[in-house]
Amino acid sequence: MELVVIGLLGGLITGISPCILPVLPVVFLTGGAQSARFDADGTGGPAPASRWRPYLVIAGLVTSFTLVTLLGSLLLGALGLPQDVLRWTGIAVLVLIGVGLLVPRFEQVLEKPFQKLARRAEVQNRGSGFGVGLALGTVFVPCAGPVLAAIIVAGSTGRIDVGTVVLTVSFAIGVAVPLLFFALAGRGLVERIRAFRTRERGLRIAAGVAMLALAVGLVFNVPQLLQRAVPDYTAGVQRELTDNPDARRALDLGGLVTDENKDLDRCTNGARELESCGTAPSIRGIAEWLNTPGGAAVDLADLRGQVVLVDFWAYSCINCQRSIPHVVAWDAAYREAGLQVIGVHSPEYAFEKDAANVAAGARDFGITYPVALDNSLSTWTNYRNRYWPAHYLIDAEGTVRHIAFGEGNYAATEKLIRELLQAADATAELPAATDVADDTPDGPRTPETFLGSAKDVNYGGGDAYRFGERAYDLPADQPDDSFALDGAWRVETQYATPAGDGGGGIRLRFQAQEVRMVLAGEGEVRVQVDGGAERTVRVTGTPRSYAVADGTDAGTRVLDVTVSAGVEVYSFTFG
């Protein structure tokens, strides 16, 4: 019921948001006006009309939107097709329907294949409109609030369970209610104004023009431009809906539970003793392997007799950066004794999918064990994982015996590695335990802060933060654990970059002992903590993590950053 309520409310809010504006003329004219009763000859005689058309247009939209969101990415991936195929197919159908509305002879050509059916083609003026709705659903891209984000992640990673379906359908129905209201309003307006009732042909032409305009606009991303131009007056309501513990728990849909991974929840996070949590799930959906002969894949079934540590990581994640030295040390110490470490690189950013970037990151960390590029998050999902880093310890029989999420707990994990190695080979001579300092921070710490529009968090400016180019001003009163921009910036989905030649400023209020920035491009950043001495960091190349402040005192501090033109700022991470 929580998912139903959150989905419905999230959909209703989205249904009145600015990003719905591009489809409203089409819904008004094709769903509403075309279901009106027109005066056939100007004398008041009604012409036949499909009174169900508004409902069926919206039903078609809800159906295709739900299927495309949940299954589209998986289906196209299975067929080896580009992710834009469904979108371009929908645009093509909109063009055909629009031309048919403008040119009756072309409409007749479209209808011919369906004339033997009891119900004629959906492109027909008096047709039900369900086909029009199906086409709209494939190109319908509502504002990506937290509810839709949870649905998209679940769909694209295969985490489709009953909760995901319930949330998606509820969200789609919530969006449909305002659209249906608008369609019915269109029909009522046409029937109440006599000047409209005698101009059925004119309204058909208007509907055709609106549909072609929508198709052309989609090709040139006009809806996104419109969304950026119109302030999102629903953003505050969206935050109120989802910014609470109950909503966050409900939207965390978890991994897809299968026969292969159903026993993983028998393990306790960070347990001090070995547990038994079922046979280790397979490593699957890997785009590429690093550090293996000829890039060959590693199969867990071939590793029976060895102890295996599966380490989920991402090269720009600061939590992983502090954890990896421990994993590298374990690999070096226990490889000869029968330990096989496998790094599963599950990207958090789009740039982390690039094999060359991951290979460079692995070299920087001294990683020589096999690394699987889990770009589709298939293995991440198969292990029901939610964290960077995460360690899964597997015994020589292939059973998961220990799981540790996040940083820390290294001594306990190493102790259990040694126990499993000894159990696999009682005669094995183990070296002394490794001695890598545990740098896991303690005390209050600002959460990871992203600057891209796709997952921006902790923005503390007084104005809206959204995709596109605009000028920002620092607020008079900035909240703790937040950032604000100063000057002209261009915000992209993954990063933000100064829009002018003079660069731009960032003010960060944080709590941490260490601050790092994920940066890319060519240029420099100048940083000051609490107005102290200025430090310059040179930036060059692909995205990676740069240390910008360390050894800071406890309590809230202020970091002022001046970013030169040409530098891309992805995130702040804290230690």
Notebook entry, point to check: Looking at the square roots a ≥ b ≥ c of the eigenvalues of the Cα gyration tensor of segment 449-495, which shape do they give, rounded for a/c under 1.5, prolate if a/b is larger than b/c, or oblate?
Noted result: oblate
Next item on the list: Just need the relative contact order of segment 461-567 here, percent rounded to a whole number, with Cα pairs under 8 Å and 6+ apart.
Entry: 28
Item checked: About the Cα centre, charge dipole magnitude for segment 338-482 (Lys/Arg +1, Asp/Glu -1 at Cβ), debye -> 500
Check: Remind me, what semi-axes does segment 290-440 give for its equivalent ellipsoid, largest first in whole Å, using sqrt of 5 times each Cα gyration tensor eigenvalue?
Finding: 24, 17, 15
Checklist line | Which of L12, L24, L79, L508 is most accessible, then next, and so on - probe 1.4 Å | finding: L79, L12, L24, L508
Checklist line | Qualifying GluC sites (Glu not before Pro) for segment 397-498 [loop in DSSP, other Cβ within 10 Å: at most 10] | finding: E429
Notebook entry, point to check: Got a sec? Charge dipole of segment 260-347, +1 on Cβ for Lys and Arg, -1 for Asp and Glu; which of V308, A332, A297 is way out at the positive end?
Noted result: A332
Check: K353: accessible area at probe 1.4 Å, nearest 10 Å²?
Finding: 100
Note to self: In whole percent, and with a 1.4 Å probe on the protein chains, what portion of the accessible area of segment 305-372 is carbon and sulfur?
What the structure shows: 51
Check: If you plug each phi of segment 257-274 into the Karplus form 6.51 cos²θ - 1.76 cosθ + 1.60 with θ = phi - 60°, what whole-Hz ³J(HN,Hα) values come out, in order, with x for Gly and Pro?
Finding: 7, 10, 4, 6, 10, 5, 8, 4, 6, 6, 7, 9, 4, x, 4, 8, 10, 5
Item checked: Tensor-based shape of segment 460-575 (alpha-carbon gyration tensor, a/c under 1.5 rounded, otherwise prolate or oblate) -> oblate
Item checked: Per residue solvent-accessible surface (Å²) - segment 271-370, probe of 1.4 Å -> 38
Notebook entry, point to check: All other residues with a Cβ under 11 Å from the Cβ of E260 taken together, and with Lys, Arg as +1 and Asp, Glu as -1, what is their net charge?
Noted result: +1
Check: Summing +1 for each Lys or Arg and -1 for each Asp or Glu, what net charge is found among the other residues whose Cβ lies under 10 Å from the Cβ of D550?
Finding: 0
Check: Ignoring ligands, DNA and RNA, what percent of the accessible area of segment 418-575 is carbon or sulfur (1.4 Å)?
Finding: 43
Next item on the list: Please give the contour-minus-distance gain from V103 to D354: 0.36 nm per residue of separation, less the Cα-Cα distance, rounded to one decimal in nm.
Entry: 85.6 nm
Note to self: Need one value: the accessible area of V257 in square angstrom, 1.4 angstrom probe, rounded to the nearest 10.
What the structure shows: 90
Next item on the list: Measure off, as a whole percent, the carbon and sulfur share of the 1.4 Å-probe accessible area of segment 156-213, all protein chains present.
Entry: 73
Margin query: Rounded, prolate or oblate, given the Cα gyration tensor of segment 508-547, with a/c below 1.5 counting as rounded?
Written below: oblate
Item checked: Listed residues Y334, Y465 arranged by accessible area, highest first, probe 1.4 Å -> Y465, Y334
Next item on the list: Over segment 448-575, give the accessible area per residue in Å² for a 1.4 Å probe, as an integer.
Entry: 41
Margin query: Could you sort the peptides 262-271, 374-383, 283-292 by per-residue average Cβ neighbour count (10 Å cutoff), highest mean leading?
Written below: 374-383, 283-292, 262-271
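The values are calculated or read from the model by the stated rules, or taken from the named source; none is laboratory data. What you are looking at is a predicted structure, and each value in this text was computed from that prediction instead of being measured. Cβ atoms come from the backbone with ideal geometry, glycine included; neighbour counts cover every protein chain shown. Each accessible area value is taken on the protein alone, full model and side chains, heavy atoms only, with ligands, DNA and RNA left out. Shrake-Rupley method; radii C 1.70, N 1.55, O 1.52, S 1.80 Å.
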